[in-house]
Structures are given as structure tokens and as C-alpha cells.
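Step one of this worksheet: look at the structure below.
None of the figures in this text is laboratory data; all of them are computed from the coordinates on show. Note that the structure is predicted; figures quoted are calculated from it, not measured. All Cβ positions, glycine included, derive from the backbone under ideal geometry; neighbour counts span all protein chains shown.
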Amino acid sequence: MEDKINVTICLGSSCFSRKNRDVVSVLQEYITDKNLKTKITLKGGHCFGHCKKGPIMLVNGQEFIEINPSKAIAIIESFLMEE
Ligand code: FES
């Protein structure tokens, strides 16, 4: 079990056109509201090569496809519950 949850959102142009920004804003808000800044690292990444299935999100190296804000939160919560 890793101490930190490392989240990377693809910021490539295809994921951008599939609204990755919405996912980033919702996750930033969630991390701030729940005071999870020491627990979750959120960063942007370059194209992961699965553009048609975007937006893509990696959590501790695991890839998730077709991410939207509510799906992203549900995934993060499932990682938090594993702690
Ligand atoms: S732009 Fe996101 S996977 Fe290619």
C-alpha cells in the first residue's frame, strides 16, 4: 500500500477537448475541501496514447478511462477507503 495517492490527469489536447479541465477543477476542490493535500498528489501528464478513451486518469499507475468529475471522485474515494 502506497502512503500517497498519486493522481495524474492527461492534459493532452484530445483529453482537453473531452473536458479534462472539469475533472481537474473538481479534484482540486475535493482535495482542498477534505484537507487531503498531504494525502493526494494531483498533477498533469502528457498524452498517454489512449486519446479516444479520454479523459484519462492514472491513480498510482493504474489507468482509468472516460473520466468525468463524478467518476473521478468515486475512484479517488475507493483508493482512500483502501487505506
Ligand atoms: S490526449 Fe489524453 S490520452 Fe492522448
* **Residue-by-residue Karplus 3J(HN,Hα) for segment 31-36, coefficients 6.51, -1.76, 1.60, Hz, glycine and proline x** => 5, 5, 4, 8, 6, 10
* Which of the cysteines in the chain are isolated, no other cysteine C-beta under 4.7 Å? -> 47, 51
* Structure fact -> In the chain, lysine pairs 8 or more places apart or on different chains with C-alpha atoms under 27 Å apart total 23
* To do: Let me know the longest stretch in the chain that avoids all trypsin sites (Lys or Arg not before Pro) found in a DSSP loop with at most 16 other C-beta atoms within 10 Å.
  => 40-83
* May I have the convex hull volume per residue, in Å³, for the Cα set of the chain? => 76
